[in-house]
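The values are calculated or read from the model by the stated rules, or taken from the named source; none is laboratory data. Model, not experiment: these values are computed from the prediction. The area values use the complete protein model at the heavy-atom level, side chains included, leaving out ligands, DNA and RNA. Shrake-Rupley method; radii C 1.70, N 1.55, O 1.52, S 1.80 Å.
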Amino acid sequence: CLLKTKEAAAARAYLEERDLGAEVQEKFLIGYAPNGIATILKWAEKYGYTPEELADAGVIKPPSGPGDRGYHRFGGRLMFSIADKRGRVVAFSGRQLVASKNSGKYVNSPETAVFRKSSVLFGFDKAAGNIVKSPRREAIVCEGQIDTIRLHISGFPVAVASQGTAFTEEHVAMLKKVADQVLLVFDDDAAGHKATIRTARLFLAAEMPVKVVSLPGGD
């Protein structure tokens with residue numbers, strides 16, 4: 001859908017603007033979710049999935065009553081695939097392409113039988129081996145999917161991010177298995193400063209050294 005549909009032109013333009021080319025899109029399984037529920041239901045029928053299974057996976061919102069077909073949770077969004085530590089896709093994060101007051105910039109999968117936010121870090125499946133092999137066994141923790149991808153393709157393939165939620169002790173335990181120290185790279189705003197302090201405390205409590213990257217000019 002991302003590569004071939006006219007509807008995804010805005011998604012392609014956004015990726016081009018962010019310099020996330022075809023190789024990156026394939027490596028990180030970036031895609032596009034068409035608008036409306038009809039397309040996803042047709043796809044599901046073709047491949048043997050039921051609407052109930054799509055609802056259980058958090059891909060669609062189930063019908064609320066007679067005449068209601070439900071809706072596609074990610075319709076019209078640029079899609080980022082969220083993998084577990086073994087590289088299996090367990091959830092999605094969809095970025096808004098047309099500003100709307102009725103929904104947030106990002107919509108993330110709800111927790112399901114295979115996805116718990118507190119036990120999944122974006123990029124961990126790709127970063128873990130690189131962290132272990134790095135000279136200082138140092139992990140980089142940042143705020144979101146694009147930040148993580150940008151770091152990976154810029155020569156820092158040790159970056160991870162939490163899933164639209166605060167870092168947890170479980171996340172720290174995951175990283176402690178492969179990392180000896182951590183760099184925090186959060187936005188230079190009030191929310192970023194608050195998240196930096198909160199996250200640093202968790203790592204320090206786990207006896208992991210922490211450094212904070214200070215970004216220039218409010219970036």
Point to revise | Anchor K194: lysines whose Cα lies under 18 Å away (excluding residues fewer than 8 positions away in-chain) | key: K211
Point to revise | Cα gyration tensor, region 72-130 - rounded (a/c under 1.5), prolate or oblate | key: prolate
Point to revise | Three-way shape call for region 1-69 based on the alpha-carbon gyration tensor, with the a/c threshold at 1.5 | key: prolate
Review point. Per residue, how much accessible area does region 69-205 have with a 1.4 Å probe, in Å²?
Key: 49 Å²
Review point. Under a straight-distance cross-link criterion of Cα-Cα below 17 Å, which lysines are reachable from K27, leaving out those fewer than 8 residues away in the same chain?
Key: K85, K126
Review point. Cα to Cα, under 19 Å, and not fewer than 8 places away if on the same chain: which aspartates and glutamates meet these conditions relative to K6?
Key: E16, E17
Practice item. Averaging sequence separations of C-alpha pairs under 8 Å and six or more residues apart, then dividing by the length of region 134-219, give the relative contact order as a whole percent. Key: 32 percent
Practice item. Can you run the Rg to Rh ratio on the chain? Use alpha carbon positions and the Kirkwood inverse-distance Rh. Key: 0.99
Study note, to complete from the structure: Highest GNM mean-square fluctuation among V90, V59, V98, for the chain with Cα springs under 10 Å, belongs to V98
Point to revise | Highest-MSF residue in the chain out of A38, A99, A57 [GNM, Cα springs under 10 Å] | key: A99
